[in-house]
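Here the structure is laid out as structure tokens; the discussion comes afterwards.
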């Protein structure tokens, strides 16, 4: 099996959850059947959204590249980045590392296409939404995007930064209201397109009609590393 590298700390809880997903979703009956992996978790990496939107001149890319080189030096053959917004740098990172970097946004779009979805709602950071990271990949798969209105997007950012990243419980009435609006505008499924939103799913039953991009990335990582996926994780749409 191949060794997996993880560029983490973006944020720390999301990285911990991704590692948990990889272990949980792997069909293994003993320790030795799990994927060998190496992690570089640097929470000092500057905020991706603030840089992408020009609010900050602190560039996170050198931190991402260093972490990638660190895990490569430790034998990583495939790289994952548990942060949706960081995929703004995907092409450059993959080119500089000369290793495959799983594109969780692209893989999520491909998964939804295979599932027959034609219209998907996006819950993600301002950086991810405004740069069209999901919209571009969904369009390439023939899927229409639904994004929150400005007030709802402020709510998404509040949940991400003032709740989850701050270590506080998510305000679920706000979360559910945003998801409901996306569905009212035609979304057949709502993408949890920020790893902090994935952390919410970890501890709560969100109901039907959600897909967690981090679960898609874990599934892809397991498959590419050459180990079997545990039964029950073929369908990732709740």
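A few remarks follow.
- Sole exception among (1) out of contact with any helix residue (DSSP H, G or I) (no Cβ under 8 Å at 6 or more places or on another chain); (2) assigned by TED's automatic domain parsing to the domain that holds residue 119 for residue 109, by number: (1)
- Residue in segment 84-94 that is in a loop (DSSP other than H, G, I, E, B), assigned by TED's automatic domain parsing to the domain that holds residue 15 and crowded, with 21+ Cβ neighbours inside 10 Å present: yes
- Test: residue in segment 144-154 that is in contact (Cβ under 8 Å) with a residue 40 or more places away in the chain, crowded, with 18+ Cβ neighbours inside 10 Å and either over 15 Å from the mean Cα position of the chain (by Cα) or more than 19 Å from residue 14 (Cβ to Cβ) (or both): yes
- Of all residues in segment 224-238 being under 17 Å from residue 113 (Cβ atoms) and not in a strand (DSSP E or B), the one that is nearest to the chain's Cα centre (by Cα): 236
For (1) closer than 21 Å to residue 92 by Cα; (2) touching a residue at least 60 places away in the same chain (Cβ under 8 Å); (3) assigned to a helix (DSSP H, G or I); (4) assigned by TED's automatic domain parsing to the domain that holds residue 81, each residue gets a yes or a no:
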{"position": "10", "(1), (2), (3), (4)": "yes, yes, no, yes"}
{"position": "14", "(1), (2), (3), (4)": "no, yes, yes, yes"}
{"position": "18", "(1), (2), (3), (4)": "no, yes, yes, yes"}
{"position": "22", "(1), (2), (3), (4)": "no, yes, yes, yes"}
{"position": "29", "(1), (2), (3), (4)": "no, no, no, yes"}
{"position": "39", "(1), (2), (3), (4)": "yes, no, no, yes"}
{"position": "46", "(1), (2), (3), (4)": "yes, no, no, yes"}
{"position": "54", "(1), (2), (3), (4)": "yes, no, no, yes"}
{"position": "58", "(1), (2), (3), (4)": "yes, no, no, yes"}
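- For segment 60-73, the set of residues classified as in contact (Cβ under 8 Å) with a residue 60 or more places away in the chain and either touching a helix residue (DSSP H, G or I) at 6+ places or on another chain (Cβ under 7 Å) or exposed (fewer than 14 other Cβ atoms within 10 Å of the Cβ) (or both) consists of 68, 72, listed by residue number.
- So residue 193, is it in contact (Cβ under 8 Å) with a residue 24 or more places away in the chain, surrounded by 14 or more Cβ atoms within 10 Å (Cβ to Cβ) and on the phi > 0 side of the Ramachandran plot: no
The values are calculated or read from the model by the stated rules, or taken from the named source; none is laboratory data. Because the structure is predicted, anything quoted here is derived from the model rather than measured. Virtual Cβ from ideal backbone geometry, glycine too; neighbours counted across all protein chains shown.
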